[in-house]
Amino acid sequence: MKLSINFLVQLTLRLFLLLTALLVLAWCIISKWWYGLLLIPLIIWQFVRLINFNRKTIREFEQFTETIRFHDFSRRFDTKHGPKYIRKLHAGFNEISDTITAVNREKEMQYRYLQQIIELVDTGIISYRTDTDEVLWMNRSLKELLNIPSLKNFNTLSQRNPALFEQLQSLIGDGHGAVISVTTNAGSSKVLVSGGTFIMENTEFRLFAFRNVNEALDEAESKAWQRLLSVMTHEIMNSVAPISSLAETLKNLLERAKNNPIDSDEIIEDIEPGIETIRRRSEGLLTFAETYRNLSKITELNISNVQISTLFEHIYRLMLPSLSQKNIELEMILKDPLMTIDADASLIEQVLINLIVNAIDAVKEKTEPHIILSAGFTQNKRPILKVIDNGKGIPEEILDKIFIPFFSTRKSGNGIGLSLCKQIMMLHKGNVQVQSIEGEETCFCLLF
């Protein structure tokens, strides 16, 4: 600002002197005062000074613009010699250069700080231009994860790791992350990949973040196995312990029968119920084992475009007799009558039936039992189906256990229904979530 004011003051002063001299000369000529012609050399001198002033000022500005164009901010302009206005002009140039240098230094520090952070994080990051596929950034973690030194062009990945390149291409435009398998010469690992697109200065960029989740998955799997083994051990011990005790009792009865043949008929009558009990409990163990085997049977899906209204209608017809018998109201809410999902119709129907059966059990003690079956979309446009009941709710301490195989709070339950529901939803690359307020309601959400 000071630079502009100083320049304008100098220019205005010189123009004022020149115009004043010209006006005086014109007055002298009009008045025929010929001595005024002596002002002509002064006017010429002022005119030459004005031209030189403009030329020198323009030359100084050109030099300064070259400094900016070539980013040569180490150059210093002389502030000790020359006319006063030139010294002020140079001082202004130096001040601008110092300011730009300070801003660049701060940006460089921020860039290096960000660079150091990105290099230190254990999340692999790659960013590239979508028009040229030129890789702008690839940190150390990603190089180690993919076992490659670097990438200059993103398409080069199709030659180094075709399978990974295809998986990343399938994620473009999806907007969601996914767990994929990355195989390199160093081995195979599970990686959570999320991506996004952003625009800067009319140029589109794409960024992928890779998170190795092998350890997390291993830990989660280990905990799941611990819970599963705990439940299985509990169930097996519940059957084996009485069988063992009963077998010991029957052995003693047989010894008594050998020692007292007279009482053998009476003893045999006592043995028969015991053998029947052992048979029944043994069959229970076999059923338990068969149920566990069925849990892992579902591995493939028969995907089709499923009309939600048709799906709800089938479920309503199937469940109506049970609901009517127990005076339970089933309300169906479908905000979009034309809503569809890509899914295995029979398996999703099985999931909804399991959830409704659980809801029927939950509301059996309510005076006005009510179940809601609804369909809609989440805020990010994901299809969601809900089964809501106004039953007794689920205690908070067991909410994290209800999807564990064979875990059940019902005496007649085998603890397999919700486990199957979760497995089916995971096969659909979806999830099942539960929200419950004890004593008020429970909501199961199927997210696709």
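The values are calculated or read from the model by the stated rules, or taken from the named source; none is laboratory data. Remember, predicted model here, so these are calculated numbers, not experimental data. Note that each Cβ is placed from the backbone with ideal geometry, even for glycine, and that neighbours are counted across all protein chains shown. Heads up: the accessible areas ignore ligands, DNA and RNA and are worked out on the full protein's heavy atoms, side chains in. Shrake-Rupley method; radii C 1.70, N 1.55, O 1.52, S 1.80 Å.
Only one residue in PHE165, PHE205, PHE210 is in a strand (DSSP E or B), modelled with pLDDT of 80 or more and out of contact with any Lys or Arg (no Cβ under 8 Å at 6 or more places or on another chain), so which one is that?
On the way: PHE165 fails: in a strand (DSSP E or B); PHE205 fails: out of contact with any Lys or Arg (no Cβ under 8 Å at 6 or more places or on another chain).
Being in a strand (DSSP E or B), modelled with pLDDT of 80 or more and out of contact with any Lys or Arg (no Cβ under 8 Å at 6 or more places or on another chain) holds for just one of PHE165, PHE205, PHE210, which is PHE210.
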* Looking at the range 74-112, which of its residues are outside any helix (DSSP H, G or I) and more than 27 Å from ASN52 (Cα to Cα)? -> SER74
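Listed here are the residues, each with its yes/no results for (1) outside any helix (DSSP H, G or I); (2) modelled with pLDDT of 65 or more.
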site	(1), (2)
SER282	no, yes
LEU285	no, yes
THR299	yes, no
VAL306	yes, yes
* Kindly indicate whether any position in the range 321-340 is outside any loop (DSSP other than H, G, I, E, B), surrounded by 12 or more Cβ atoms within 10 Å (Cβ to Cβ), at pLDDT below 90 and over 28 Å from the mean Cα position of the chain (by Cα). => yes
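Where residues in the range 344-373 are outside any helix (DSSP H, G or I) and free of Cβ contacts under 8 Å to residues at least 40 places away in the same chain, which of them is surrounded by the fewest Cβ atoms within 10 Å (Cβ to Cβ)? Steps first, please.
The initial filter retains those residues of the range 344-373 that are outside any helix (DSSP H, G or I), namely 344, 363-373.
Now narrow it down to the ones that are free of Cβ contacts under 8 Å to residues at least 40 places away in the same chain: 363-368.
Details: VAL363: 22, LYS364: 12, GLU365: 9, LYS366: 13, THR367: 6, GLU368: 9.
Checked the range 344-373; the qualifying residue surrounded by the fewest Cβ atoms within 10 Å (Cβ to Cβ) is THR367.
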* Asked: Of the residues GLY391, GLY376, which is over 30 Å from LEU171 (Cα atoms) and either part of a loop (DSSP other than H, G, I, E, B) or touching a residue at least 12 places away in the same chain (Cβ under 8 Å) (or both)?
  -> GLY391
* Structure fact -> Selection over the range 61-113 where residues are surrounded by 11 or more Cβ atoms within 10 Å (Cβ to Cβ) and either at pLDDT below 80 or more than 30 Å from ASN139 (Cβ to Cβ) (or both) yields a count of 29
* To do: Kindly provide the set of residues from the range 346-362 that are among the hydrophobic types (A, V, I, L, M, F, W, C) and either in contact with a Pro (Cβ under 6 Å, 6 or more places away or on another chain) or within 12 Å of MET425 (Cα to Cα) (or both), ordered by number.
  => LEU347, ILE348, VAL351, LEU352
* Counting only residues that are open to solvent by less than 70 Å² (accessible area, probe 1.4 Å) and within 18 Å of LEU446 (Cα to Cα), which one in the range 394-407 is modelled with the highest pLDDT? -> ILE394
* **Verdict on SER170 being of a type outside the set (Asp, Glu), in contact with a helix residue (DSSP H, G or I) (Cβ under 8 Å, 6 or more places away or on another chain) and assigned to a helix (DSSP H, G or I)** => no
* **First in the range 117-138 and more than 18 Å from LEU192 (Cβ to Cβ), second anywhere and of a type in the set (D, E, K, R) and not in a strand (DSSP E or B), Cβ under 8 Å, 6 or more apart** => GLU119/ARG140; GLU134/LYS152; VAL135/LYS152
